Amino acid sequence: MKRIAVRTRSFGAEVGKPAVDELAPWIEERRGIGGDLTAYQIERSFGLQQGVDIPCAGGRFYARRVLGCLEGIEGTAVTGEVGVRAEEAVADVRMLARRQKGLWFALPAPSLFRFTDTYYGDDDEMKEEVVDAFGRLMREMRDAGAGGHVLLAEEAGEIELEGLAGKKVCFFPLKRERALLEVLLEHQTTLVTDPAGIAMAARLADEYEVRELAVLHPAHEDLIAAAGHFDPDEIAAAGYTEEGEEERWKALREEAYILK
């Protein structure tokens, strides 16, 4: 039988707050350059994914940076005109672009923040302004060298999907429930599934356009099962890890093949 490599793709890697003895050497290396906790986390997130074909630095922890780049928001309350000051996020991109050209970045989707309106007096208008600000922030990051963005979501409303989904923005469902997958497939052609959901993914592909099936942390047997429904070049062995799951990236690389 012929062994066929399957491309590997990341949707982000969560990184917690480091211990002081972990952070100290990084601070020493950055002497004269600067950097903060989020810069450490984003660099660590990328570093976990060495050898992944399409790495993606970031995760829910990047919410801190996003909020720091948005004007008119206090905590998660919208208190004024929503604006963007992208300098710190752009600095993150430039820091990592030197090591990986076209690196993707993962951040929470607007809906994951649960923003509340104390300024516009209209919830839809508030959401539209927030979505517009997210779009501007991501464009500035891409202009600085980011290849694209993953938006982590538990739900996705029409306003953010219409405003943000596209070739360079992929929504990643934190819960792979059919209803959410169907909503996402109205706006994107990447379908994310757990190995147990491959059969359901095949049924969804009969109803929606699916150009990429991203199977999360599969064994190679799962990829063989996926190849029974999709062409090998449509399949990605995908990863998204929580803090403490660092070894899953090594396993992902090792299992990313099918036998045919």
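The values are calculated or read from the model by the stated rules, or taken from the named source; none is laboratory data. Predicted model only: the values in this text are computed from it and were never measured. Cβ sites come from the backbone with ideal geometry, for glycine too, and all protein chains shown count toward neighbours. Note: accessible area is taken over every heavy atom of the protein model, side chains too, but ligands, DNA and RNA are not part of it. Shrake-Rupley method; radii C 1.70, N 1.55, O 1.52, S 1.80 Å.
Going by the structure shown, is E254 at pLDDT 95 or above, surrounded by fewer than 18 Cβ atoms within 10 Å (Cβ to Cβ), over 15 Å from the mean Cα position of the chain (by Cα) and more than 27 Å from R60 (Cα to Cα)? No; evaluated as a whole, the condition is false for this residue.
Taken as a whole, region 4-21 holds at least one residue that is of a type outside the set (S, T, Y), open to solvent by 70 Å² or more (accessible area, probe 1.4 Å), at pLDDT 75 or above and in contact with a Phe, Trp or Tyr (Cβ under 6 Å, 6 or more places away or on another chain). Might you check whether a residue that is open to solvent by less than 10 Å² (accessible area, probe 1.4 Å), aliphatic (A, V, I, L, M) and over 14 Å from V52 (Cβ atoms) occurs anywhere in region 237-251? Looking for residues that are open to solvent by less than 10 Å² (accessible area, probe 1.4 Å), aliphatic (A, V, I, L, M) and over 14 Å from V52 (Cβ atoms), one finds none in region 237-251, hence no.
Okay, residues lined up against (1) in contact with a strand residue (DSSP E or B) (Cβ under 6 Å, 6 or more places away or on another chain); (2) of a type in the set (D, E, K, R); (3) within 30 Å of P232 (Cα to Cα):
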position	(1), (2), (3)
V15	no, no, no
F46	yes, no, yes
Q49	yes, no, yes
A63	yes, no, no
P110	no, no, no
T116	yes, no, no
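Within region 219-250, the set of residues being among the aromatic types (F, W, Y) and over 18 Å from the mean Cα position of the chain (by Cα) comprises F230 only. Whenever a residue of region 86-106 is more than 20 Å from D132 (Cα to Cα), it has no partner that is open to solvent by 10 Å² or more (accessible area, probe 1.4 Å) and of a type in the set (S, T, N, Q) lying with C-beta atoms less than 8 angstrom away and at least six residues away or across chains. Of the residues making up region 191-209, those that are free of Cβ contacts under 8 Å to residues at least 60 places away in the same chain and open to solvent by less than 20 Å² (accessible area, probe 1.4 Å) number 7.
If you go through region 157-173 and pick out every residue that is open to solvent by 20 Å² or more (accessible area, probe 1.4 Å), within 20 Å of R114 (Cα to Cα) and in contact (Cβ under 8 Å) with a residue 24 or more places away in the chain, you end up with 4. The set of residues in region 135-156 that are closer than 19 Å to T193 by Cα, touching a helix residue (DSSP H, G or I) at 6+ places or on another chain (Cβ under 8 Å) and open to solvent by less than 70 Å² (accessible area, probe 1.4 Å) comprises H149, L151, L152, A153, A156.
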